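A.B. asks: Following this message is one structure expressed as structure tokens.
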Amino acid sequence: MSKYDGKGSKNDEARVHRVGFLLIPGFALMSYASAAEPLRAANALSGRTFYRWRHIAIRGTDIQASNGVRIPADDTIGSAARVDSIVVCAGGNPATFSHLPTLSYLRSAARHGVRLIGVSAGPFILAQAGLLDGYRCTIHWEHMPAFTETFPTLPLSRSLFEIDRDRFTCAGGIAALDMMHAMIRIDYGTRLASAVSDWFLQTEVRRGEAAQRLSPAERFGVHHPKLVDTMLRMEKRIERPLAPSDLARLADLSLRQLERLFAQYLGTTIHRRYLQIRLEHARGLLRQSTLAIGEVALATGFATPMHFARCYRRRFGLAPREERTAR
């Protein structure tokens with residue numbers, strides 16, 4: 001593969017890299033744009049066509065994004081020409097995606113050595129096709145609870161993106177810009193990748209292992225270290241919640257001291273905050289997985305579906321079953 005020399009010169013031996021954007025209905029438009037626009041920039045800045053791309057639909061003549069924007073399809077999975085990379089862009093609830101021809105199309109592409117890239121919820125679909133077995137991968141944090149429940153043996157990370165041989169996975173959003181910097185660097189060299197990032201005003205190109213979310217102190221809105229550590233423990237112990245006395249012991253505080261911190265900084269109790277964390281996790285599973293409601297209850301530390309449903313309705317104003325059918 002040729003390298004861009006940073007001076008606008010051309011190497012006639014360069015091979016055009018053909019990219020197919022497989023857009024799943026309801027895909028996240030920002031994730032798609034963050035992955036597609038760097039390819040256009042690479043061509044513009046190099047003065048030659050390093051990348052060509054087409055939009056592939058699973059059916060029909062156009063594909064609607066999550067915000068209603070429609071992108072015309074150049075091909076469908078049944079008629080798509082050979083490409084070098086496929087970028088699977090998805091959103092919504094990928095756990096409910098069930099389209100065997102799409103999974104077969106991706107498996108066929110993998111057998112022919114096509115680079116497979118999952119963006120936002122795209123890694124979920126690659127995993128459904130069995131194409132992430134044995135590969136490091138990541139996915140948007142919103143989809144992580146459902147992903148780990150559905151694919152418990154896959155080595156999922158919480159990073160912005162993962163590149164493992166010919167599998168690229170990305171959390172989505174603007175993180176796709178960072179991943180495409182890495183891809184362009186692999187394909188055509190560091191100078192072109194840096195020029196593209198500079199064009200998009202990226203004053204800092206984040207490495208793949210960077211965290212997806214704000215720091216815990218920023219996310220929780222508190223800066224007391226023991227309180228932050230306690231809430232992180234709560235998030236990690238959802239299925240088997242720790243007792244308040246155990247949380248206090250692990251924080252090297254008395255139960256009264258820990259309760260005082262929750263009241264002072266959060267205006268609530270340990271029990272209420274823990275319940276809120278578990279119910280938010282349950283809401284994500286209801287929206288992003290196909291787990292039965294009883295399974296969601298067990299996965300979030302509730303002894304019975306009835307108790308879970310009662311707490312859920314009190315928190316969100318609707319029953320778990322209604323939450324699922326409302327999406």
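Every number here is computed from the coordinates shown, using simple stated rules; none is lab data. Everything quoted here is computed from the prediction, not taken from an experiment. Reconstructed Cβ throughout: ideal geometry from the backbone, glycine too, with neighbour counts over all protein chains shown.
A.B. asks: Report, in debye and to the nearest 20, how large the dipole of the stretch 216-326 comes out about its Cα centre when Lys and Arg carry +1 and Asp and Glu carry -1 on their Cβ.
C.D. replies: Roughly 240 debye, rounded to the nearest 20.
A.B. asks: May I pose another question? Give me the one-decimal nm value for the distance between modelled label points at Thr269 and Thr290, 7 Å along each residue's Cα-to-Cβ direction.
C.D. replies: With each label point 7 Å from Cα toward Cβ, the separation is 4.0 nm.
A.B. asks: Per q in 0.06, 0.07, 0.08 1/Å, what log10 I(q)/I(0) does a Debye calculation on the alpha-carbon atoms of the chain return?
C.D. replies: Rounded to two decimals, the profile gives -0.26, -0.35, -0.45.
A.B. asks: Right, next: Of all alpha-carbon pairs in the stretch 17-199, indicate the percentage at a distance above 26 angstrom.
C.D. replies: The share of Cα pairs beyond 26 Å in the stretch 17-199 comes to 23 percent.
A.B. asks: A further question on this structure: Enumerate by residue number the trypsin sites (Lys or Arg not before Pro) in the stretch 147-180 meeting two conditions: DSSP loop (anything except H, G, I, E, B), and at most 12 other Cβ atoms within 10 Å of the site's Cβ.
C.D. replies: Arg165
A.B. asks: What is the P(r) of the stretch 216-326, as percent of Cα-Cα pairs per 10 Å bin from 0?
C.D. replies: 14, 44, 29, 13, 0
A.B. asks: Which length gain, in nm to one decimal place, applies between Leu318 and Thr148 when the Cα-Cα distance is subtracted from 0.36 nm times their residue separation?
C.D. replies: Gain on extension, Leu318 to Thr148, equals 58.6 nm.
A.B. asks: What is the gain in length, in nm to one decimal, between Thr325 and Arg260 on full extension, counting 0.36 nm per residue of separation less the C-alpha to C-alpha distance?
C.D. replies: Length difference between fully extended and current span is 19.4 nm.
A.B. asks: About its Cα centre, how strong a charge dipole does the stretch 17-199 have in debye, to the nearest 20, once Lys and Arg get +1 and Asp and Glu get -1 at the Cβ?
C.D. replies: 460 debye
A.B. asks: Here's a follow-up. Tell me the label-point distance for the pair Ser104, Arg15, using the 7 Å Cα-to-Cβ offset, in nm and rounded to one decimal.
C.D. replies: In this crude spin-label approximation the distance works out to 2.9 nm.
A.B. asks: Report the net charge of residues surrounding Thr290, where surrounding means a beta-carbon distance below 10 angstrom and charges are Lys +1, Arg +1, Asp -1, Glu -1.
C.D. replies: That works out to -1.
A.B. asks: Which residue, Ala251, Pro225, Ala195, has the largest displacement toward the positive end of the dipole of the stretch 173-327 when charges sit on each Cβ (Lys, Arg +1; Asp, Glu -1)?
C.D. replies: It is Ala251, whose Cα lies furthest towards the positive end.
A.B. asks: I'd like to know which of Thr138, Leu106, His181 lies farthest towards the positive end of the charge dipole of the chain, counting +1 on Cβ of Lys and Arg and -1 on Cβ of Asp and Glu.
C.D. replies: Thr138
A.B. asks: Could I ask something else about it? Multiplying the sequence separation of Gln276 and Thr61 by 0.36 nm and subtracting their Cα-Cα distance, what value in nm do you get?
C.D. replies: 73.1 nm
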